[in-house]
Each structure stands twice: as structure tokens, then as C-alpha cells.
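Below: one structure, written as C-alpha cells.
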Amino acid sequence: MTEKILLFGGTFDPVHNGHTNILQAAYKQGGFDRAIVLPNAVSPFKPGSPEASNTQRLEMLRLAFSGLEWCSISDMEFYMPQPSYTVNTLEKLKSQMPSSELFWLCGGDVIKEFHMWYRADEIIELASLAVVKRDSVRKPDFEDIEAKLGKNIPRMIIDSPIYDISSTEIRRRLRKGSEISGLVPKAVEQYIKQNNIYSAHSAG
Ligand code: ATP
């Protein structure tokens, strides 16, 4: 049986309601069998990050996605070479699940740089992209990127409202001591406060 799997990679520093909402929208619309969330160890695009530890980001993801029986969290990228290149993760998953059909969920903001991803042409041999609108990019220009790549990008467009939330904004608010309620799941907010992550006085 071919399993249709939705993959959601990111830094999740911290996970927020934009993440939880788009994953659920994609899962509902795409007819997936299950979803796997993959926090990276070090993003190729975000040197110096993340601020929270691997354990903390993993725990926040568990809290955010608990109760979704179709969704699991994988720490596999923590144990792979760094930075965490998507192509390496996809190759590994494909070797573990050769008959699966993989989809990589991402916000429209990442599409404008997709041709610069490490071995982007191989990524799209291994997976289709499941793309959601984001405030900065409501309609990603696939034609432009496909011209730069010299290849068509297999994709599924996910219809969802715009969620004007980013981890950057949440970290900024916490540093200033501003409120973040409504931007992250309640349990994640409590975890951040209990562990004093991202505050002006935290270790990170
Ligand atoms: P940062 O602000 O630290 O750059 P981020 O909020 O973009 O972080 P990431 O963990 O880097 O969060 O995002 C993982 C994936 O989720 C990316 O594909 C990104 O485009 C997507 N994403 C994050 N936030 C949103 C959002 N509000 N709407 C749509 N997609 C989002």
C-alpha cells in the first residue's frame, strides 16, 4: 500500500499557531495518511539559531501537536549531518519507506528561494511541495522558480487563511516581556514561561 505522508520541517523556535493551523489545513485537504514534524538541528538559512535547545523545541512540538493521532514528531535531523539539508532527510525517509509518497509542507515565503536550496532539483524528485500562503508571499511565483531550476515543481496548493505569526515575532515579544497569548498553543506558552526561554535574561 502506498502511504501518502505529509512532512513538516522547520526550526520551530518556537512552534506557533501558524504552524499548527497550516499542518491541520494541509492534512485535511490533502488526503494524507499521516504527518511527521521534523525539527531541524541547524537551518542552512539561519546560522546562529536556534535559541531554544533541541530538547526544548522537541518538547514544545509534542505539546503543540498532542492529541493529533495522525501526527508524530521525529528528532531524526538532530542525529544527521549539519546543517539540516532537506534532501538528506528525504533520502533517508525514502530509503526507510520506499513505497511512500512524500509531500513537504512549506509556507509560500520559502518558495521564492527554493531554487537555492541544496540539491533542490533532487528534492522535487523525492517529494512534492505542499504550499500554504504566507503574509509576505500570497501567491508564490512558481514559473520564475521553475525557469531558474529548469524543472517543473510537483506541488499541491493548500487553501488556508493567512496567519500573520512568526517565531521571530514571538521571540521578540518575549525579549521585551510582551504578551504572546493567542500566538502559540496554551501549553507551549506555559512551557516557555516555566523554562524562561527567550526572555532577556535567559541563557540562550
Ligand atoms: P522564524 O521567524 O524564526 O524565521 P518561522 O515562523 O518562519 O520562523 P519556521 O520554523 O522557520 O518558522 O517555519 C517552518 C515552516 O513553516 C516554513 O515552511 C514556513 O514557511 C512555515 N510557516 C511558518 N509560519 C507560517 C505562517 N504563519 N504561515 C504559513 N507558513 C508558515
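Quick rundown of the values:
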item: Ala130 long-range amide H proximity, modeled H, under 5 Å; result: Trp104, Leu105, Cys106, Met156
item: Extreme residue, positive dipole direction of region 4-164, given options Ser74, Asn152, Ser100 (C-beta unit charges); result: Ser100
item: Simple Cβ-charge dipole of the chain, Lys/Arg +1 and Asp/Glu -1, about Cα centre, in debye nearest 20; result: 500
item: 5 angstrom amide H check on Glu101, placed H, neighbours 5+ away; result: Glu3, Lys4, Ile5
item: Probe 1.4 Å - accessible area at Tyr118, Å² to nearest ten; result: 100
item: Net lengthening on full extension, Glu101/Arg172 (0.36 nm per residue, minus Cα-Cα); result: 21.8 nm
item: Exposure rank, largest accessible area first [Leu174, Leu90; 1.4 Å]; result: Leu174, Leu90
item: Accessible carbon and sulfur surface of the chain relative to its total accessible area, %, 1.4 Å; result: 48
item: For region 4-164, accessible area per residue (1.4 Å probe, heavy atoms of protein chains only), Å²; result: 45
item: Taking region 47-164 and dividing mean pair separation by its residue count, relative contact order in percent (alpha carbons under 8 Å, at least six apart); result: 22
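The values are calculated or read from the model by the stated rules, or taken from the named source; none is laboratory data. Since the structure is predicted, the reported quantities are computational estimates derived from the model, not experimental observations. FYI the Cβ positions are ideal-geometry reconstructions off the backbone, even for glycines, and counts take in every protein chain you see. Remember, those area values only see protein heavy atoms, side chains included, never the ligands or the DNA or RNA. Shrake-Rupley method; radii C 1.70, N 1.55, O 1.52, S 1.80 Å.
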